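Every read-out reported here was derived from the displayed coordinates using simple, explicitly stated rules and does not represent laboratory data. Just so it is clear, the structure is predicted and the values come from calculations on it, not from any experiment. Cβ sites come from the backbone with ideal geometry, for glycine too, and all protein chains shown count toward neighbours.
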Amino acid sequence: MGKLDPSASEPLYGFMPRNVTGAADHDLNPFTKAPHTAQYRKILEARKKLPVFAQMDDFLEMFNKNQIIVMVGETGSGKTTQIPQFVAFSDLPHTRGKLVACTQPRRVAAMSVAKRVADEMDVQLGRQVGYSIRFEDMTEPGTTFLKYMTDGMLLREAMHDNNLERYSTIILDEAHERTLATDILMGLLKDLAKRRSDLKIIVMSATLDAVKFQKYFSLRSEASAPLFKVPGRTHPVEVFYTQEPEPDYVEAAIRTVLMIHRAEEPGDILLFLTGEEEIEDACRKIKIEADDLVNQDPDSVGPLVCIPLYSSLPPQQQQRIFDPAPKSSKEGGPPGRKIVVSTNIAETSLTIDGIVYVVDPGFSKQKVYNPRIRVESLLVSPISKASAQQRAGRAGRTRPGKCFRLYTEKDFIKELEEQTYPEILRSNLANTVLELVNLGIKDLVHFDYVDAPAPETLMRALELLNFLAAMDDEGNLTALGKLMAEFPLDPQLAKLLISSPEFNCSNEILTITAMLSVPNVWLRPNNQRREADAAKELFTVPESDHLTLLNVYNQFILNKWDKNWTWTNYLSARALGQAENVRSQLQRIMERLDIDLVSLDDEIKLFLNVRKALVCGFFMQVAHKEGDKGSYTTVKDHQVVGLHPSCGLKTQPEWVLFNEFVLTTRPYIRTVTEVRTEWLMEFAPLYFDLKTFPDGEMKRALQRAYNKKMGISNPRSESRNESRKGTPTVEVREVKRRRKE
DNA sequence: GAGCACTGC
């Protein structure tokens, strides 16, 4: 029992901060003062069986004595639900108007864990226990004292409160996943711990990274942060390797799956492949071969269903992974089996119960960043040992299982990296650098990273921010940069949005920005490509894919009453709904920052202005047509690229501005708008400074435009919206306010 | 004439 003293004043109920034991066994709920429900007692019994529960007193002792703890617990230890509760009982944050925060890399995890913990504590979700994720704040200020949140959300909060004063303890969960946000938070918290001796920090991770984190979080150079260990609770998984390397991993995977189906005990199979196309293809082949097997030998081979799983699948189809395995085709016949063929989404984000066999070819698509040409691309690469272990673990969630690795044991030991490269080493950091500078970190190169990014990556980010006029030459954030950091957008998009009132089209740019921030809205089912392309054609604005996106969004809003509209037009209702959500969030931020929402009545002029505005954000992503084979060369980087086949442009204009550079079968630029030479020189004079261009077609084109401009002499353009001159002044003419919600 | 690993604000 805790130190219950009935005379003590509420709401402490006799608890002493940092001195609580046996916190769960009271008759009354100390937070609501209501008697505990029967459900509470029942859940409490289950909690008591968790490995971590037995270590509560040990944990509290270590927690009370130390400012920073590194904690490891394998799956099934209960750390994510229990540790934050132990901390809350020790901190009693509500008595001091503070909160305990626990971060998660994913939204669903933050939501579902918060719900579970609210039940465990016998309180209503959103009151004492809540969660906070983008678009949804399920907390009650003044009441909530235990908050689960996404790591990105805590990073946003840090921008407005550098000391994170509201929190008594911050718990970073799943730190081993090394998301960009977690990595930045680790750096910030390490520094913050020195300034706020009252703040406690717990870093929770899988076993392999613990020593690295312990060393990183040693506040005094001699002592590592203490480690608290909790055993996991999973079933054993037997691991098999191939004798020889497999030349074709998809073929080998299909063979292995069928071998399991024929020869192994009942139990579902999880096969990891790398992407949508590969998965759909493998499912087709498995289905054909399995049907063959059943036909040949119906007495010993049962039916098999093959279920694809990847993130772009509609939620309804994703749900199919929870369907039970098929029944025997006849009474007393061989049992059926379910096989899920999945991307990495089944490695961490989604858990499928009943999986007994895992087939792991050892590959996944991974993001890589090339700072030289500023391109992020996806590459099929070997996974890490940690990842292979995680995959194998998926076979042992309900009972002992087996994992078939389609590579040799020698390759596993010698060739696979220990850990997946952290995201911070594989990403374009333009956004992150803007965030860090906004957080007051000026010396980005010497910031205390867990793993420091390549200096060239940081230089590229700084260069971009400088060209966008977000930072001055001394590395300080400009007024414009401050505004840009307020938006959850890439710097180019933020700059575009902030510049758009100058062109009287901020309502339209707001829509385009939202559309560019969500997944692809165009659906193109394999067997209906022609119909889908024809449907898309009807929305196409010939000179600009950006305007096409604007058009689609506006039509979507006009037809919202029609449930079939998206479907008949081959559009993703999910993505369009997300765009609507993002748009309203961005609009709220614009209103808060007093950025005007304006439009023009004249559509021709409006569309021209939208294209001009695009130049203000994307002048660094422009390509010039070279030769007559339809190929383009990007400005400054001189990459030869083609217009992506999805591009709606009817001609091949001399200059195009693009949203992204994708490296697939060949280099493509995607989501493209035709722009004019004089716009480039007028709205990005420093980037398109003739002196900086080598001789060639591009320079000659710029020279022609320059001569023409000098000929007609336009003094106004000299002073207009120079790219390094900070916030553009807003001119409002012919304006009407629209969509004022 | 092609794709979208997965997250997050």
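Counting residues in chain A as N, plug N into 2.2 N^0.38 Å and put the Cα Rg over that result. Provide the component values of the computation, followed by the final result.
Working: Rg = 28.7 Å, N = 741, 2.2 N^0.38 = 27.1 Å.
My calculation over the Cα atoms of chain A gives 1.06.
Amide H of A:Gly401 versus every other amide H placed in the peptide plane: which residues, excluding those fewer than 5 positions away on the same chain, fall under 5 Å?
Those lying under 5 Å, H to H, from A:Gly401 are A:Val237, A:Glu238.
Amide H neighbours of A:Leu571 under 5 Å, at least 5 residues apart or on other chains, H built in the peptide plane: list them.
So A:Leu571 has HN proximity to A:Leu523.
Place a +1 charge on the Cβ of each Lys and Arg in segment A:411-533 and a -1 charge on the Cβ of each Asp and Glu, then give the dipole magnitude about the Cα centre in debye, rounded to the nearest 20. Please list the in-between numbers first.
Working: 9 positive and 20 negative charges, 111 e Å.
That gives a dipole near 540 debye.
May I ask you to order A:413-421, A:362-370 by the average number of other C-beta atoms within 10 Å around their residues, highest value first?
Numbers: A:413-421: 13.6, A:362-370: 18.1.
Ranked by mean Cβ neighbours within 10 Å, highest first: A:362-370, A:413-421.
Full-extension gain between A:Asn520 and A:Ser631, please, as 0.36 nm times their residue separation minus the C-alpha to C-alpha distance. Present the calculation step by step, with values, prior to reporting the outcome.
Values: separation 111, 0.36 × 111 = 39.96 nm, distance 2.43 nm.
Full extension from A:Asn520 to A:Ser631 adds 37.5 nm.
Under 16 Å from a point 7 Å along the Cα-to-Cβ line of A:Phe322: which residues of segment A:352-390 have their amide N that close?
A:352-355
Can you run phi through the Karplus equation (6.51, -1.76, 1.60; θ = phi - 60°) for segment A:693-701 and list ³J(HN,Hα) in whole Hz, with x for Gly and Pro?
Working through the residues one at a time gives 9, x, 4, x, 4, 5, 5, 4, 4 Hz.
Starting from the Cα of A:Arg106, step 7 Å along the direction of its Cβ; do the same at A:Arg41; then give the gap between the two resulting points in nm.
Those two pseudo-labels are separated by 3.6 nm.
Whole-Hz Karplus ³J(HN,Hα) for segment A:84-93, in order, using 6.51 cos²θ - 1.76 cosθ + 1.60 and θ = phi - 60°, x for Gly and Pro?
Per residue, the Karplus-derived 3J(HN,Hα) values read x, 5, 4, 4, 4, 5, 7, 6, 6, x Hz.
Grab the DSSP H runs of chain A that are 4 residues or longer, score each as -39,500 (n - 2.57), total them, divide by all residues and round the 222 nm result to the nearest 500 deg cm²/dmol. Write down the numbers at each step before the final one.
Values: 25 runs with 275 residues, N = 741.
Helix contribution divided over all residues of chain A: -11000 deg cm²/dmol.
Where nothing but the Cβ of Lys and Arg (+1) and of Asp and Glu (-1) is charged, how large is the charge dipole of chain A around its Cα centre, in debye to the nearest 20? Intermediate values should be presented prior to the final figure.
Values: 96 positive and 100 negative charges, 197 e Å.
It works out to roughly 940 debye.
By how many nm would the segment from A:Gln703 to A:Glu289 grow when fully extended, if each residue of separation counts as 0.36 nm and the alpha-carbon distance is taken off? Don't skip to the end; give the middle numbers.
Details: separation 414, 0.36 × 414 = 149.04 nm, distance 6.39 nm.
Computed gain between A:Gln703 and A:Glu289 is 142.6 nm.
Which distance in Å, rounded to a whole number, links the C-alpha centroids of segment A:453-483 and segment A:58-96?
Their Cα centres are 39 Å away from one another.
Using per-residue counts of other Cβ atoms within 10 Å, averaged over each peptide, order A:325-334, A:160-169, A:545-554 from highest down.
Averaged packing, sorted descending, gives the order A:545-554, A:160-169, A:325-334.
Charges at C-beta only: +1 for Lys and Arg, -1 for Asp and Glu. How large is the resulting dipole of segment A:74-207 about its Cα centre, in Debye rounded to 20? Don't skip to the end; give the middle numbers.
Values: 18 positive and 18 negative charges, 47 e Å.
For this selection, approximately 220 debye.
Want the number for A:Asp198 to A:Glu238: 0.36 nm per residue separation, take away the alpha-carbon distance, what's left? Don't skip to the answer; put the middle values down first.
Numbers: separation 40, 0.36 × 40 = 14.40 nm, distance 4.61 nm.
Gain on extension, A:Asp198 to A:Glu238, equals 9.8 nm.
Restricting to DSSP loop positions (anything but H, G, I, E, B) with no more than 14 other Cβ atoms inside 10 Å of their own Cβ, which trypsin sites (Lys or Arg not before Pro) remain in segment A:424-484?
Values: sites: A:Arg426, A:Lys442, A:Arg460, A:Lys482; in loops: A:Arg426, A:Lys442.
Of the trypsin sites (Lys or Arg not before Pro), the ones in loops of segment A:424-484 whose Cβ has at most 14 other Cβ atoms within 10 Å are A:Lys442.
Relative contact order of segment A:315-466: what whole-number percent is it, with Cα pairs under 8 angstrom and at least 6 residues apart? Write down the numbers at each step before the final one.
Values: 179 pairs, mean separation 30.7, N = 152.
Relative contact order here is 20 percent.
What residue among A:Leu227, A:Leu172, A:Phe89 has its Cα farthest toward the positive end of the dipole of chain A, where the charges are +1 on Lys, Arg and -1 on Asp, Glu, each on the Cβ?
Ranked along the dipole, the leading option is A:Phe89.
Non-local amide H neighbours of A:Lys200 (under 5 Å, H modeled in plane, Pro and chain starts lacking H): which ones?
Close amide H contacts, sequence-distant or interchain: A:Thr169, A:Ile170.
Which of A:Val622, A:Ser599, A:Ala705 sits closest to the plus end of the dipole of chain A, meaning its Cα is farthest towards the positive end, when Lys and Arg get +1 and Asp and Glu get -1 on the C-beta?
The Cα lying farthest towards the positive end belongs to A:Ser599.
DSSP loop (so not H, G, I, E, B), at most 11 other Cβ within 10 Å: list which GluC sites (Glu not before Pro) in segment A:198-257 pass both filters. Each step should come with its number before you reach the end.
Values: sites: A:Glu222, A:Glu238, A:Glu251; in loops: A:Glu222.
Those that pass, being in a loop and sparsely packed, are A:Glu222.
Projected onto the charge dipole of chain A (+1 at Lys/Arg Cβ, -1 at Asp/Glu Cβ, origin at the Cα centre), which of A:Ala534, A:Leu44, A:Val123 gives the Cα projection farthest towards the positive end?
Of A:Ala534, A:Leu44, A:Val123, it is A:Val123.
Compute the long axis of helix A:38-48 from its Cα atoms, compare it with the longest principal axis of the Cα atoms of chain A, and write down the angle in degrees, 0 to 90, nearest 10.
90 degrees
Does a label point 7 Å from the Cα of A:Glu591, set along Cα-to-beta-carbon, have any residues of segment A:496-530 with amide nitrogen under 16 Å, and which are they?
Within reach of a label on A:Glu591: A:507, A:510-511.
In what sequence, highest mean first, do A:471-481, A:142-152 appear when ranked by Cβ atoms within 10 angstrom?
Working: A:471-481: 15.4, A:142-152: 22.8.
So the peptides A:471-481, A:142-152, ranked by packing, come out A:142-152, A:471-481.
With θ set to phi - 60°, apply the Karplus curve 6.51 cos²θ - 1.76 cosθ + 1.60 along segment A:592-599 and write out the HN-Hα couplings as whole Hz, x wherever there is a Gly or Pro.
Here the 3J(HN,Hα) series is 4, 8, 6, 9, 5, 9, 9, 9 Hz.
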